[in-house]
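S.K.: Provided herewith is a single structure, encoded as structure tokens, for subsequent inquiry.
Readers should treat all values here as calculations from the given coordinates under stated rules, not as data from a laboratory. Computed from a predicted model, the values in this text were never measured in an experiment. A quick note on method: Cβ atoms are made from the backbone with ideal geometry, for glycine too, and the neighbour counts reach across all protein chains shown.
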Amino acid sequence: MEETPHKNPFKKPFFDLKELVDSIQEHLGCPATIEDTNHRLNAYSSHGIDADPARIGTIISQRVPEKVINRLWKEGIIPKLIQSDSALRIPHIEDIGLRDRVAIAIRKTKKF
């Protein structure tokens, strides 16, 4: 029997960032956020009652909290994320209210 190729659910046009972030949440089964390079919140998906303090702070202030940004730079996580084309696992960091998560940089590609 012939295998069907795996279709990438994100390789399609989205109406806006909210539609994209909801699709990410639906396919991965976890809350998702989209932030710009200055750590400002662009879109976020729904989440259960167990959202961590870092997520709540990001949504309320519309920006990733400074203590989270500073710690992610200090741990070398943001530089790795900037350089990588793959998803990066971010471990639980209790003192800044960050639970385990996965992050990936979304880059705009040029069409010629």
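S.K.: Compute the label zone of H39 within segment 84-103: residues whose backbone N is under 20 Å from the point 7 Å along Cα-to-Cβ.
M.R.: 84, 88-103
S.K.: Return the long-range amide H neighbours of N42 (sequence gap of 5 or more, or a different chain), with a cut-off of under 5 Å between placed amide H atoms.
M.R.: Here I34, E35, D36 satisfy the definition.
S.K.: From the Cα gyration tensor of segment 16-63, with a ≥ b ≥ c the square roots of its eigenvalues, which class applies: rounded if a/c is under 1.5, or else prolate if a/b is larger than b/c, or else oblate?
M.R.: Judged from the Cα gyration tensor, segment 16-63 comes out oblate (a/c at least 1.5, b/c at or above a/b).
S.K.: Could you tell me which label, among [x] 26, 17, 15; [y] 22, 15, 14; [z] 27, 22, 10, carries the value of semi-axes √(5λ) of the Cα gyration tensor in Å calculated for this structure?
M.R.: For semi-axes √(5λ) of the Cα gyration tensor in Å, the calculated option is [x].
S.K.: Go ahead and estimate [θ] at 222 nm for the chain from helices alone: -39,500 (n - 2.57) per DSSP H run with n ≥ 4, summed, over the residue count, rounded to 500.
M.R.: -9500 deg cm²/dmol
S.K.: Could I ask something else about it? Over the chain, how many pairs of lysines fall under 23 Å by alpha carbon, counting only those 8 or more apart in sequence or from different chains?
M.R.: 15
S.K.: Once you keep just the Cα pairs under 8 angstrom separated by 6 or more residues, what percentage relative contact order results for the chain? The partial results should precede the final answer.
M.R.: Values: 124 pairs, mean separation 17.4, N = 112.
RCO, the chain: 16 percent.
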